1. Would you mind listing how long the range 103-167 runs along its three principal axes, going by Cα atoms, in whole Å with the largest first?
2. Place a point 7 Å from Cα of ARG103 in the direction of its Cβ. Which residues in the range 47-73 have their backbone N less than 18 Å from it?
3. Using a simple charge model, +1 on the beta-carbon of Lys and Arg, -1 on the beta-carbon of Asp and Glu, nothing else, what dipole does the range 80-119 show about its Cα centre, in debye to the nearest 20?
4. What is the extension gain from ARG140 to SER123, computed as 0.36 nm multiplied by their sequence separation minus the C-alpha to C-alpha distance, in nm to one decimal?
Amino acid sequence: MPHADGGPVRSPPKRDPQEGNIYMKRSIFVAGLLAFGVTAAIAQGNVVEQRQALMKEMGAQVRTLGGMLRGQAPFDLAQAQSGLRILAENSQKALPLFPESSRTVEKTGALPAIWENKAHFDSIFQKMNQDAQAALASVRDEASFKAAMPGVLQNCGACHNTFRQKT
C-alpha cells in the first residue's frame, strides 16, 4: 500500500534489542549515582544536625548547672545528676558525629582544626565523659557539686577555644 505522499511504505529500521537495554542500564546507573550523591549529602547534613542538637542540649545543661554553681539558681541534686548524666552521654554520642566528610558542610561552627587534630579533639570529649561520670558518682550535696563542677566545665572551654568558631 502506498504512503500518503505516494511513495512506498517503509518499515522502521530494525534495532538491535540489546541497544535499548544498554541505554536503560546506563539511565538506571546514572539515576542510582545521583540518588547516592543526594543521599550522601543529606546524610552529612543529618550528622551536622545531630551534633548541633547534642551540643545545644549540652549547652542547656551547662546553663542550668552553671546557674546552680554561681548561686543564681537553687541547688537541686536530681537536676544536677540529670545534667551530669546528659553531659557524660552526649560527650560519647558526639564523637562519631564529626566524620571527615562533614568537614566542609556549611552553617556549622566547627573549625578545620577538629580534623587536623582529631585525636586531641576526641580526647577532650573522652575527658568530659570521665569528668562528668566522676562528678556524677561524687556529687551528693551542694558542697560536693561546687567542688566537682569546675573540672567538668573546663572541658567545654578547652574544646570551644580551639575547635569552635568565635561568633
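Only the coordinates and a few stated rules stand behind these numbers; no lab work does. The model shown is predicted, which means the values in this text are computed figures rather than measured ones. Here the Cβ is made from the backbone with ideal geometry for all residues, glycine too, and neighbour counts use every protein chain on show.
1. Result, largest extent first: 44, 24, 15 Å.
2. Correct set: 47-48.
3. Its charge dipole is roughly 100 debye.
4. Full extension from ARG140 to SER123 adds 3.4 nm.
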